[in-house]
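Trainee: Before I ask anything, let me first share the structure, which is written out below as structure tokens.
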Amino acid sequence: MVTELPPGAQARMSQARRGTWTSGLSVDEFACLRAAGFEPVGQVMGSTVHNLGWWFGSRIDCGYRAGGFFGGSSRTVTSGSQGGWGGYATYTDTLYRARRTAMGRMAAECAALGGDGVVAVRLNIAPFQGAPNHLEFQAFGTAVRAAGDVRPGRVFLSHLTGQDFGKLISSGWVPVDLALGISIGVRHDDWQVSRSSGMFAGNQEVDGWTELMSATRNEARRHVTADAARAAAEGVVLSSIDLHVRERECSYSENRHDHVVEATFTGTSIVRFETTARPPRSLAIMRL
């Protein structure tokens, strides 16, 4: 496992195995990990730079179908409904693969240190300077090891802080893996949307944009649920629901625009285990 890591990572692993470990934990997180029966073994990370490819800027179906005067129709098209054809479907697939690659390298560092899992994982995405359409995907966390003799079957990954990780363990649940759900939806701003959203339209719902937001969120939610199911988990504790909306010129209609929504669900998949431990009871404080 160690030979598969970059030279810099191997040097960090060698130092950590000599007993000099680092972590991204606060004092409170360290104390909660110890109380839950875990010890930090070192800070771990993984990264990869991916090219989004020329598909990302290509012509993509926005759901608009031209007609006669005011006769065109629009519908919401999501990355999952394009049948895997290029465009946003390829883009979301790249996001999944890049994040999984970074997380896999982080898990490999954890295994090289003899850790059981990684807590307080942070996933970052940053543009790669000087290379258009390239992004660096980063994963950081602290590798931990259980004090007992029972070892998990695989390295677990969790976004939970040290405090939340301790609460999860004491309540009879364990983390399995990070769960991701990504969806991109696009809808053409047809004349009905323009009429409903104009400055003189008054107070009313813009049905087309409501459908766009709802469809994209629901697809991302289905993806994060399926991701947890593949890990044989029972549920997901979500850490973030990110939603980004932008506008672009439409390739199918002059003087019109599309709205693009990107939804990302991130969390930790969890499963129950048998334990005799009980959650710590609150300390009662009596005013004197």
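The values are calculated or read from the model by the stated rules, or taken from the named source; none is laboratory data. This is a predicted model, so every value here is computed, not measured. All Cβ positions, even for glycine, are placed from backbone atoms using ideal geometry, and neighbour counts span all protein chains on display. Heads up: the accessible areas ignore ligands, DNA and RNA and are worked out on the full protein's heavy atoms, side chains in. Shrake-Rupley method; radii C 1.70, N 1.55, O 1.52, S 1.80 Å.
Trainee: Spot the failing condition for Leu168; the list is (1) more than 15 Å from the chain's Cα centre (by Cα); (2) surrounded by fewer than 22 Cβ atoms within 10 Å (Cβ to Cβ); (3) free of Cβ contacts under 8 Å to residues at least 60 places away in the same chain, and only one is missed.
Mentor: So the condition that Leu168 fails would be (3).
Trainee: From the residues in region 118-134 that are of a type in the set (A, V, I, L, M) and open to solvent by 30 Å² or more (accessible area, probe 1.4 Å), which one is farthest from Leu25 (Cα to Cα)?
Mentor: Among residues in region 118-134 that are of a type in the set (A, V, I, L, M) and open to solvent by 30 Å² or more (accessible area, probe 1.4 Å), the one farthest from Leu25 (Cα to Cα) is Ala126.
Trainee: Taking region 139-163 on its own, how many of its residues are closer than 30 Å to Thr92 by Cα and either touching a Lys or Arg at 6+ places or on another chain (Cβ under 8 Å) or not polar (S, T, N, Q) (or both)?
Mentor: Within region 139-163, residues that are closer than 30 Å to Thr92 by Cα and either touching a Lys or Arg at 6+ places or on another chain (Cβ under 8 Å) or not polar (S, T, N, Q) (or both) number 11.
Trainee: Being at pLDDT 85 or above, part of a helix (DSSP H, G or I) and among the β-branched types (Val, Ile, Thr) is the filter here; which residues of region 176-215 pass it?
Mentor: Passing the criteria: only Thr210.
Trainee: Among (1) under 24 Å from Ser269 (Cα atoms); (2) part of a strand (DSSP E or B), where does Ala126 come up short?
Mentor: Every condition holds for Ala126 apart from (1).
Trainee: Checking the conditions here, which among Ala107, Ala139 is under 24 Å from Ala36 (Cβ atoms), part of a strand (DSSP E or B) and either at pLDDT 90 or above or not acidic (Asp, Glu) (or both)?
Mentor: Step by step, each of Ala107, Ala139 is checked, and only Ala139 is under 24 Å from Ala36 (Cβ atoms), part of a strand (DSSP E or B) and either at pLDDT 90 or above or not acidic (Asp, Glu) (or both).
Trainee: Now for a separate question. Applying the selection to region 93-109, what residues are within 16 Å of Gly267 (Cβ to Cβ) and open to solvent by 40 Å² or more (accessible area, probe 1.4 Å)?
Mentor: Residues satisfying the conditions are Tyr96, Arg100.
Trainee: May I pose another question? Given the criteria at pLDDT 90 or above, surrounded by fewer than 20 Cβ atoms within 10 Å (Cβ to Cβ), of a type outside the set (Val, Ile, Thr) and within 21 Å of Val271 (Cβ to Cβ), does Arg154 qualify?
Mentor: Considered against the rule, which asks whether it is at pLDDT 90 or above, surrounded by fewer than 20 Cβ atoms within 10 Å (Cβ to Cβ), of a type outside the set (Val, Ile, Thr) and within 21 Å of Val271 (Cβ to Cβ), Arg154 comes out as no.
Trainee: One residue is enough: does region 216-236 have a residue meeting the conditions closer than 30 Å to Thr101 by Cα, modelled with pLDDT of 95 or more, assigned to a strand (DSSP E or B) and open to solvent by 40 Å² or more (accessible area, probe 1.4 Å)?
Mentor: yes
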